[in-house]
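J.: Take a look at this one; I'll ask things after.
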Amino acid sequence: MNQAGWMLVSALVLGFLPPATPVCPWEMAELENWSNVDTWLPGEIPATNASVVIPAGKKIVLDAPIPRLLTLTINGTLVWGNVDGIRLETSYILVNGEFHIGSEDCHFDKTADIFLYGQSNAPEMVSDFGRKFIGAASGSKLEIHGEQKQSWTKLVETVEPVRMGSCGYVYDSRDENLGTRLGLHIHVWNFDGTVYDTHQYNTAGTSGQKKAKNMVKYIAGTPAGKIIAVAVYRTMGVPSPIFDELYTSIESLGGWKIRDVEEFEPYVLLAETGNTSNAIDNLNKRYGVAGGLDASAALPIGDLVFKVTSISYNTNYFDETIFRVVHKVGAFPRLSFLHNVSSWHKGDEIVVASTDFDWKQAEIRTIVECTDCADNQVRVDGDFRYSHFGEVTFGVDERAEVGLLSRNIRIEGELQDQCYNFTSEEGYLCDRFKRDTFGGHTQILKGAFARIEGAQLRYMGNQHEIAQYPLHFHMCDDVPGQYIRNNVIRDSNSRCITIHGTDYLEVSNNVCLNHLGHGIFLEDSAEQNNTIHRNLVIGTQHGNLLYTDRHKDWCEIREYCNLLSSIWVSHPNNIVTENVAAGSDGYGITLTFSDRPLGLSLQRQKDRGLYQDRSTRYIKVKDFSKNVIHSNKKDGLWFDSRVSYGQTEDGVFIPENAKIGLNYYSPREPPNAEGQLVETLLEELTLYKNDERNSWLRCGNVAIVNSSFADSRISYLAAHSTAETSCDVRHSIFIGQTANKGEPLTYIFNDPQFEHLPKSERPRHHFDQSFAEDRP
Ligand SMILES: *[C@@H]1O[C@H](CO)[C@@H](O)[C@H](O)[C@H]1NC(C)=O
Ligand SMILES: *[C@@H]1O[C@H](CO)[C@@H](O)[C@H](O)[C@H]1NC(C)=O
Ligand SMILES: *[C@@H]1O[C@H](CO)[C@@H](O)[C@H](O)[C@H]1NC(C)=O
Ligand SMILES: *[C@@H]1O[C@H](CO)[C@@H](O)[C@H](O)[C@H]1NC(C)=O
Ligand SMILES: *[C@@H]1O[C@H](CO)[C@@H](O)[C@H](O)[C@H]1NC(C)=O
Ligand SMILES: *[C@@H]1O[C@H](CO)[C@@H](O)[C@H](O)[C@H]1NC(C)=O
Ligand SMILES: *[C@@H]1O[C@H](CO)[C@@H](O)[C@H](O)[C@H]1NC(C)=O
Ligand SMILES: *[C@@H]1O[C@H](CO)[C@@H](O)[C@H](O)[C@H]1NC(C)=O
């Protein structure tokens, strides 16, 4: 009898066919409802602040809302029920057993929220993981599978801001010469969009009380039936009883949040005088990860939309108030994309990348209802401040990437509005970052099995300690089949995704927006065979954890620092394809290796028989192709330097993780000093509008092929790594200046010969395009 026959016979004998494994986790056998008293030992229904343990062998489905927990330890199985709107608040989730939200074949399509809370001294902590985490311990299973959505796409038409002369333009304060006094700025409009009056009151200065009184009179004297807008320029001053009358006066317009405005917080109000029913006011309390923040409001009246924005980074350069009137045709622009975005819905947020030198031109918008959109189009809730290029220009694809920021599984770390410190080290971080940087984190340990997709993670990571990142595989060795896919990691306090001591991980289709420190990070210069594919990384800003994360001004020995990178590739034996590095305060993608595995990986590689000194100098780059690198402050691509393993060079000790010297890269087959020289190919790259250079290579037989370079002062700067190696570029195009002009620039001549003149009287020239480092 053949095997099928045997199975049939045994099925007949046993009287049933073997049960199919359920596709959806909530269909699992033996599940007990969390909400059922019988599920728990008598008297142990988890109440507020309970420390819940799901014992081994027990399987529970989270079937209804629950109170805030203190801690959650899953030794058995916890399945997220197929129910909308459950929020799990806890200081940590320790998974020793299994935790499922959806499965690979049954994507969870309701909303789920996980909120990790607690401060840096919370007693709720677990060795190996620390505080405020989702942790997958050895032997555990972590399955998170949200809806499958188009993670990001590209514009196929240029998006233009509504400017003077363009369709929809009615009024823009930036076209006036209104001056910039600290304090409160006011615009009053007639209903037809014409300006009735404008004013500025320096409530932050020494005569703040007098200015506040004047403003009260001004508001009282403004007739009914006008549109009034108020915005903070940089700061309205320290909140104080001297403002009581002003607060009352602004409240009489409908500005209810005015009393909460503290120093350097952006606040705006838009209202109709004499009628508070339409009034809108917005205050942004939290210091955003970008190091500053804004508040804005829009009020549609008839065919017009009145708008006001306050931007307070607390620096001269960025701070601004903007008052605008736009016709509704320009106020809700329609965007056209390369892909079908029918998986994007009304209310979802998107980020449109900068296509200019300054990555901070990336803009976030919310999708609104659209009755005239095709499957590759959406409308958004506001016009754009900057243009975002949407064309292939002279053969260079400079179409702006557009990332979806919303996912239905939402994991958030708690941050306090005010920075706090229990130690002087934490005090240093408060001084450095001016905000709370102690978020939540997710960590996977060796022997766990984790697949995470379709989740959004916000305010995760912390600057206090290493190893606490939004998503982090920690010393896992080989993890084939495990992945981090199609997630959004936004406003992280430490990195985006960390691959540490882990091989064969897939990291694909993720969107990273705003993080401190390197974004996608291979930690020990020993991680291999990982696939980093089609990730979009925007907003990489200096962090404090490693020398290479830090700004050079934060380092006693500047040479150690300043190699911040959106994608930190520290070992050549990885697949890095189709990623976009679209905005770093440092570099876009770096290929910088260490001569030895760093940190914990030295012993790990020795134990596995995989340790060979200096091997990174000789290994070919496995696959580095189709990456797009633009709008980075320093070089787009950096293939040079090494990371010190704590070594002495030329008689000088360089501490571990500091940047050191040249790379001496010289790929060979077999990969050792005696091998035959071979070529490393970097293929089909696109590099444009990187502020310092598009690329810098210390090339040991590195050839760039089929690539395009454009719109930078220097596109390719290369030097040999060793005498016997060479550099090459083949089948590539270099375009000095494309049709992507970027933002207009008014250049003011500041040469010493003009120093005696006030700024307003110095010679200036208006350009209709941007320039690297603003230097025409
Ligand atoms: C759990 O609750 C659901 C919905 O209330 C119910 O249909 C199901 O029978 C319950 N399961 C058990 C094991 O009690
Ligand atoms: C839960 O714990 C918090 C923090 O200790 C406390 O403020 C709150 O009152 C507790 N709630 C209950 C219901 O015990
Ligand atoms: C949960 O599992 C861990 C790891 O196996 C174990 O150390 C711990 O004692 C268990 N806790 C309970 C309450 O069973
Ligand atoms: C105030 O505005 C609302 C909304 O536009 C309108 O319905 C209402 O009539 C107005 N009230 C007065 C007194 O004009
Ligand atoms: C876009 O995707 C949706 C969902 O997969 C599909 O129904 C629709 O036909 C697609 N539209 C186009 C134009 O391909
Ligand atoms: C908090 O930080 C400040 C500034 O570094 C320091 O002076 C103070 O001692 C710190 N507080 C504690 C409790 O360590
Ligand atoms: C990486 O993969 C290659 C085969 O492609 C294998 O020989 C090597 O041992 C792997 N290295 C690690 C560290 O996993
Ligand atoms: C570059 O492109 C050309 C023409 O499309 C193709 O023949 C060649 O194989 C490519 N070279 C590499 C190294 O990808």
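J.: What dipole magnitude, in Debye to the nearest 20, does the range 160-332 give about its Cα centre under +1 on Lys/Arg Cβ and -1 on Asp/Glu Cβ? If you can, show how the numbers build up before the last one.
T.: Working: 16 positive and 19 negative charges, 42 e Å.
Value, rounded to 20: 200 debye.
J.: Could you tell me the center-to-center distance, by alpha carbons, between the range 362-389 and the range 160-219 in angstrom?
T.: Result: 27 Å between the Cα centres.
J.: With the cut-off at 1.5 for a/c, could you classify the range 619-685 from its C-alpha gyration tensor as rounded, prolate or oblate? It would help to have the intermediate numbers written out before the result.
T.: Values: a/c = 3.15, a/b = 1.18, b/c = 2.67.
Judged from the Cα gyration tensor, the range 619-685 comes out oblate (a/c at least 1.5, b/c at or above a/b).
J.: How much solvent-accessible surface does residue 555 expose, in Å² to the nearest 10, with a 1.4 Å probe and all protein chains in place?
T.: Surface open to solvent at residue 555 totals about 20 Å².
J.: For 575, 228, give me the order by solvent-accessible area with a 1.4 Å probe, most accessible first, ignoring ligands, DNA and RNA.
T.: Working: 575 45, 228 0 Å².
Per-residue accessible area, sorted high to low, gives 575, 228.
J.: For the range 61-83 and the range 566-590, compute the distance between their C-alpha centroids and round to whole Å.
T.: Result: 37 Å between the Cα centres.
J.: How much accessible surface area, in Å² rounded to 10, belongs to the heavy atoms of residue 349 with a 1.4 Å probe?
T.: Counting only protein heavy atoms, the figure is 50 Å².
J.: Give the cysteines in the chain for which no other Cys Cβ lies under 4.7 Å away, or write none if there are none.
T.: 167, 476
J.: On the protein heavy atoms, probe 1.4 angstrom, tell me the percent of accessible surface of the range 346-476 carried by carbon and sulfur.
T.: Values: 1990 of 4440 Å².
That fraction is 45 percent.
J.: With the Cα gyration tensor of the chain giving a ≥ b ≥ c as the square roots of its eigenvalues, does the rule (a/c under 1.5 for rounded; else a/b larger than b/c for prolate; else oblate) give rounded, prolate or oblate?
T.: Working: a/c = 1.72, a/b = 1.21, b/c = 1.42.
In terms of gyration-tensor shape, oblate.
J.: Restricting to Cα pairs below 8 Å that are 6+ residues apart, what does the relative contact order work out to for the chain? Please round to a whole percent. Walk me through the numbers before you get to the answer.
T.: Values: 2250 pairs, mean separation 63.2, N = 776.
Contact order relative to length: 8 percent.
J.: Let me ask you something else. Mind checking the full-extension length gain between residue 111 and residue 277? Use 0.36 nm per residue of separation minus the Cα-Cα distance, one decimal, nm. Provide the component values of the computation, followed by the final result.
T.: Working: separation 166, 0.36 × 166 = 59.76 nm, distance 3.24 nm.
Extending this stretch completely gives an extra 56.5 nm.
J.: List the lysines whose Cα sits under 23 Å from the Cα of residue 211, skipping any in the same chain fewer than 8 residues away.
T.: Partners within reach: 226, 257.
J.: Given a 1.4 angstrom probe, what's the average accessible area per residue across the chain, in square angstrom?
T.: Working: 31020 Å² over 776 residues.
Result: 40 Å² of accessible area for each residue.
J.: Using a Förster distance of 22 angstrom, determine the FRET efficiency expected from the C-beta separation of residue 418 and residue 259, and round it to 0.05.
T.: Working: r = 17 Å, r/R0 = 0.77.
Computed FRET efficiency for residue 418 and residue 259: 0.85.
J.: Quick one: the Cα spread of the range 560-714 along its three principal axes, in angstroms, biggest first?
T.: Principal axes ranked by extent give 45, 32, 26 Å for the Cα atoms.
J.: Can you tell me which aspartates and glutamates have their Cα less than 17 Å from the Cα of residue 328? Leave out same-chain residues fewer than eight positions away.
T.: Candidates past the 8-residue exclusion: 160, 172, 192, 303, 369, 372, 381, 383.
J.: Top to bottom by accessible area (1.4 Å), largest first, where do 538, 301 land? Each step should come with its number before you reach the end.
T.: Values: 538 0, 301 30 Å².
Sorted descending by solvent-accessible area, the residues read 301, 538.
J.: Counting only protein heavy atoms and a 1.4 Å probe, tell me what percentage of the range 160-332's accessible area is made up of carbon and sulfur.
T.: Working: 3810 of 7510 Å².
The computed percentage sits at 51.
J.: Same structure again: If I take every Cα pair under 8 Å that is 6 or more residues apart in the range 160-332, average their sequence separation and divide by the length, what percent do I get for the relative contact order?
T.: Values: 415 pairs, mean separation 39.6, N = 173.
Relative contact order of the range 160-332: 23 percent.
J.: For q = 0.09, 0.10, 0.12 Å⁻¹, what log10 I(q)/I(0) does the range 160-332 give under the Debye formula with an equal point scatterer on each alpha carbon and no solvent?
T.: -0.28, -0.34, -0.50
J.: Go through 715, 51 and list them by solvent-accessible area, largest first, probe radius 1.4 Å. Intermediate values should be presented prior to the final figure.
T.: Working: 715 20, 51 75 Å².
Sorted by accessible area, descending: 51, 715.
J.: Same structure, new question: Taking the alpha-carbon distance from residue 446 and a cut-off under 19 Å, which aspartates and glutamates remain once sequence neighbours fewer than 8 residues away in the same chain are dropped?
T.: Correct list for residue 446: 98, 128, 143, 477, 478, 503, 506, 523, 524, 527, 607.
J.: So what is the 222 nm mean residue ellipticity for the chain from helices alone, if each DSSP H run of at least 4 adds -39500 (n - 2.57) and you divide by all residues, rounding to the nearest 500 deg cm²/dmol? Mind dumping the intermediate values first?
T.: Working: 6 runs with 57 residues, N = 776.
It comes out at -2000 deg cm²/dmol, rounded to the nearest 500.
J.: Need one value: the accessible area of residue 53 in square angstrom, 1.4 angstrom probe, rounded to the nearest 10.
T.: Estimated to the nearest 10 Å², residue 53 gives 80 Å².
J.: Work out, step by step, the length gained on full extension between residue 198 and residue 36: first 0.36 nm times the residue separation, then minus their alpha carbon distance; give nm to one decimal. The partial results should precede the final answer.
T.: Values: separation 162, 0.36 × 162 = 58.32 nm, distance 6.26 nm.
Difference between extended and current length: 52.1 nm.
J.: Relative contact order of the range 165-245, please, whole-number percent, based on alpha carbon pairs below 8 angstrom and at least 6 residues apart.
T.: Values: 108 pairs, mean separation 29.0, N = 81.
Worked out over the range 165-245, it gives 36 percent.
The values are calculated or read from the model by the stated rules, or taken from the named source; none is laboratory data. These numbers come from a predicted model, not from an experiment. Reconstructed Cβ throughout: ideal geometry from the backbone, glycine too, with neighbour counts over all protein chains shown. With ligands, DNA and RNA removed, areas are computed over all heavy atoms of the protein, side chains included. Shrake-Rupley method; radii C 1.70, N 1.55, O 1.52, S 1.80 Å.
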